[in-house]
Each structure stands twice: as structure tokens, then as C-alpha cells.
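Following: one structure in C-alpha cells, then a few remarks.
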Amino acid sequence: MAESTGPQGFFQRRDPEGRMTFMQHLLELRSRLFVVAATLFVTMMASIALYGPIFRFLEQPIDNVNAQFREDPDLCRMIIELRMEPNVKQALDKADLQSDLRSKVLDTFRDPKLWVDIPAGAVDAELLAKLNASRIDLATPVVTKISTDPLSTTLILMSVAFWFGIVISSPILLYEIWAFVAPGLKPKERAAIRPVLFGGVFFFFMGAAACYYIIFPLSMSFFVWLDLDMGFLPSYTPDSYINLLITFMLITGAIFEIPMVVAVLAKLGIVSSKMLTQYWRMIVLVCFILGAIISPGNDIISMLAMSGALLFLYVVSVILAWLCYKKNA
């Protein structure tokens, strides 16, 4: 029976190898895009309904920074000097106390019981009276959250719902993308990409978690410290803070995809573990240099943490390249 050459035959006709026509590809793409859009819509609505827990989760790094600045004596002194009444601050500066004695005086604002640590007669009586009369409530958050635009909270709520919707629905989204693309790939390409496509989700979430729990808190501590050191009391709007957090998490998650990219290249025979380890000394040095440059803090701990993360990705990339290239050989 001859194939139909009319419009209906144009949609149904396949070549001898069973491949789909162009219009059939478009129809399949439409159906998969519908599933993606419907899934994203449902997950976005769920994220909007659960905005309270989600926002508390996103604000936790700021709450941790506030707690850190309340508990650290050196950071507390910075806050005390910024919040001190101008006339008291002028009197304290005019007294020209030694650094250790000045620190002890500032510590009394955290705990008045520490007055006993100040030697008798070391501080002028008039200054002591002014200091005693000027109490600072350190329970007040260091970083305050403000809104300068009536629409800013609504817009950031929609943005958060969108990104959380993508995160929640990512397994379905990846499946639909893979199901549409996979038939057009060669068996070798499918074997190389399939495991790392879904393994990449794990590495992305691992990078986002590392950002949320380690990198972003260190960054925020540094940013707040810099504001205080320059004489500013930090107040952040929800859109600027949350957009910064989401951007950090997306970038870190993308960086953590490097081992998966290396695994794909190794599966295809382009990269091997021998190539990656040939110049390992130079790579380790570069990791430490990059860690020092892109580290958000100016202390050795944050620099080592960033360098350690880069070294971890390098080691994982070498292991995956060895495993995948070995199977490919």
C-alpha cells in the first residue's frame, strides 16, 4: 500500500529507519513543553503557598551573621562605636585611652559587670558617667531588613517561587529534555551523557549547599564587616539580598558541574586522568592562588576553605576521568 502524500501523510510518514518527520518533532516538542510548563506552574504555586518557610530558609545566613556579630567581642566593639552617641564618642576619642583600656571600656557596653576589669582612676570620672548613661541594646540586629519599594517584596516572592519551582521540578524537567534529545544522539553519545546528566543534578545541589552553608555566610560576614569598618550600618532590601544569595548559589552550583563536564569528555575519549595529573603541581598552585583571589573574606580560614573547594573539584574530576576513560578504552 502506497504512502499517503496528502497533508495527513506529511504528519505520519517516517523514513525507512523509523525516524520522525520535522512536523512530528514539533508535535513532540509541543507536548513535552506542555508537561514542563504545567509542572513548573504547579511547583511555583506550591512555592508561593509555602513562602514563609522558604523565606526563613533564605534569611538564615543573615540571622547567623547577626548572631556572630553579637557574640564576637571584636565585632561587638565595632557596632558599639558606630551606635554610640556622638558626644560620648567624642569624649572617648578625646580621652586617648590605650588600645587595651579602650577595648575594656567598650566591652562594658556588652556586659556592665566588666566595669570591675577597669583599674580605678584609669578613666576620667566624667567620661565614666557619660558611658554609664549611654547604654546600647546589642540585641538589635546588626543587619536590618528594609523595604524601599512597595512592589519589591512581591517581585522577589515571584522570583523565589520561580527558582524554587525549577529546583523542585528539576527531575521531571531533565527527563523531558533527555527524552526529546536522546533519540537524536548516537549510542556512544547517549552512553556518555546519560549518567552524567542526572549525576550533574547531585553535583549542582552539592555546590548550592556548599554556597549556602559555607561560602555565602563567609561572604556576608566580610561584606557586613566592611560596611561597619567604613562607618556604615548595613540595611539590606529583600530583593538585593535574596538575589545575591540566589546568584551565588547558581554560580557555585555551575562551578561544581566541572567534574561532570570532565566525565563526559573522558567518556568521549577527549580527556584522560593522565592529562589532568600531568601538571598537578601547577594546578594545585593555581587553586590556592584563585582561592586567595576569589575568597570573600580576608582571613586565612576563608581563603583555605575556597582553595580546598577548588582542590576537591580537581580531585573528583581526576577520579571521574580515570573511571570513565578506562571504560571507554
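Read-outs: derived from the displayed coordinates by stated rules, not from any lab. Note that the structure is a prediction, hence the values are computed from the model and not measured. So basically every Cβ, Gly included, is an ideal-geometry build from the backbone, and we count neighbours across all protein chains shown.
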In degrees rounded to 10, the 0-90 angle between helix 238-255 Cα long axis and the longest Cα principal axis of the chain is 50 degrees
Toy charge model, Lys and Arg Cβ at +1, Asp and Glu Cβ at -1: the chain dipole around Cα centroid in debye, rounded to 20, equals 1740 debye
Give the angle, between 0 and 90 degrees and rounded to the nearest 10, that separates the Cα long axis of helix 51-71 from the longest principal axis of the Cα atoms of the chain.
40 degrees
Can you return the lysines within cross-link range of residue 113? Criterion is Cα-Cα under 30 Å, with same-chain partners fewer than 8 residues away left out.
89, 94, 104, 130
Prolate/oblate/rounded label for the range 148-328 (Cα gyration tensor, a/c 1.5):
oblate
Hey, fewest Cβ within 10 Å first, where do 21, 43 land in order?
21, 43
Residue (of 191, 289, 31) at the positive-pole extreme of the chain, dipole from beta-carbon charges:
191
How would 280, 178, 225 line up from fewest to most surrounding beta-carbon atoms within 10 angstrom?
280, 178, 225
Angle in degrees between helix 258-267 and the longest Cα principal axis of the chain, rounded to the nearest 10:
30 degrees
Could you give the length gained on full extension between residue 240 and residue 42, defined as 0.36 nm per residue of separation minus the Cα-Cα distance, in nm?
68.6 nm
Please order 251, 168 by the number of other Cβ within 10 Å, starting at the fewest.
251, 168
Given that just one value was derived from the coordinates, which of (i) 58, 27, 12; (ii) 31, 22, 18; (iii) 24, 23, 22 is semi-axes √(5λ) of the Cα gyration tensor in Å?
(i)
In nm, to one decimal, how far is the modelled label at residue 255 from the one at residue 140, with both set 7 Å along Cα→Cβ?
3.6 nm
Cα centroid of the range 70-112 to Cα centroid of the range 48-65, whole Å
33 Å
